[in-house]
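J.: I have a structure here, written as structure tokens, and I will follow up with some questions on it.
The values are calculated or read from the model by the stated rules, or taken from the named source; none is laboratory data. The structure presented is a predicted model; accordingly, all values stated were derived computationally and were not measured. Positions of Cβ are backbone-derived with ideal geometry, glycine not excepted, and every protein chain shown enters the neighbour counts.
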Amino acid sequence: MKVRERLRMFAILALILCNIGCDQISKGIVRERVGYHENFKILTDKFTLMKVENTGAFLSVGSSLPYFIKVLLLSLLPVIVICYALFLLISKKNIPILIVLGLAFVIGGGTGNLYDRIRYGSVTDFLHIDFGLFQTGVFNMADVSIMIGMLMILIGLSNSKTSALMKV
């Protein structure tokens, strides 16, 4: 493996680990210091911190599904997506940088939430934004990583030349 390729892989791995680290450290702090459904105002009442254990996916989607279906959709499917993203990063050397960064963010965020789901049986969510008409559900840093990563990937794929490069 050439030095340039090693540096590329090291940078990708470092970015993935940074995303996982930010997610796990923030969740650890919240687990230790915030009570369930306790509410802290960070920026007036527009940005609040509260701890919620989410057994579903983003915004608790799927939390009431039967256990077997939940395992398939919330554990097995993310493993497949993460492995496919890793495969793309390792096998495709000519992926545009924006898509490489996006895949690293998605892998990091997905791994952070998957780790929680396997270890705790749920994912700790703790961030909430409320601007009146615009209001989010409760989410975490892994969700932020995944959303930023998907945005980077979509922007990168909007170029038709990039779409042709991504075909496996």
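J.: Filter region 75-124 for residues that are assigned to a helix (DSSP H, G or I), among the charged types (D, E, K, R) and either over 15 Å from the mean Cα position of the chain (by Cα) or at pLDDT below 95 (or both) and give the result.
T.: Listed by number, the residues that qualify are Arg117, Arg119.
J.: Looking only at residues in region 19-74 that are part of a helix (DSSP H, G or I) and of a type in the set (Val, Ile, Thr), which one is nearest to the chain's Cα centre (by Cα)?
T.: Looking at residues that are part of a helix (DSSP H, G or I) and of a type in the set (Val, Ile, Thr), I get Ile20.
J.: Kindly indicate the residue of region 10-27 that is exposed (fewer than 13 other Cβ atoms within 10 Å of the Cβ) and farther than 19 Å from Phe126 by Cα and also modelled with the highest pLDDT among those meeting that condition. I'd like the intermediate steps shown before the answer.
T.: Pass one, region 10-27, residues exposed (fewer than 13 other Cβ atoms within 10 Å of the Cβ): 10, 14, 25.
Restricting the remaining residues to those that are farther than 19 Å from Phe126 by Cα gives 10, 14.
Details: Phe10: 95, Ala14: 98.
Once the filter is applied, the top-ranked residue is Ala14.
J.: Evaluate the following for Gly62: is it on the phi > 0 side of the Ramachandran plot and not β-branched (Val, Ile, Thr)?
T.: Yes: the conditions hold for Gly62.
J.: From the list Leu15, Leu7, pick out the single residue that is of a type outside the set (Lys, Arg), in contact with a helix residue (DSSP H, G or I) (Cβ under 6 Å, 6 or more places away or on another chain) and over 28 Å from Phe131 (Cβ atoms).
T.: On inspection, the qualifying residue turns out to be Leu15.
J.: If Phe131 satisfies every condition in (1) buried (at least 20 other Cβ atoms within 10 Å of the Cβ); (2) among the hydrophobic types (A, V, I, L, M, F, W, C); (3) closer than 16 Å to Lys41 by Cα but one, which is the exception?
T.: The number of the failed condition is (1).
J.: Okay, moving on. Could you list, in sequence order, all residues of region 62-106 that are of a type in the set (Gly, Ala, Ser), within 19 Å of Ile16 (Cα to Cα) and surrounded by fewer than 16 Cβ atoms within 10 Å (Cβ to Cβ)?
T.: Of everything in region 62-106, those that are of a type in the set (Gly, Ala, Ser), within 19 Å of Ile16 (Cα to Cα) and surrounded by fewer than 16 Cβ atoms within 10 Å (Cβ to Cβ) turn out to be Ser75, Ser91.
J.: Taking only pairs six or more apart or across chains, which ones have beta-carbon atoms under 9 Å, a first residue in region 1-25 that is closer than 18 Å to Ile146 by Cβ, and a second residue that is aromatic (Phe, Trp, Tyr)?
T.: Leu15/Phe105; Ile16/Phe105; Asn19/Phe105; Ile20/Tyr115; Asp23/Tyr115; Gln24/Tyr115
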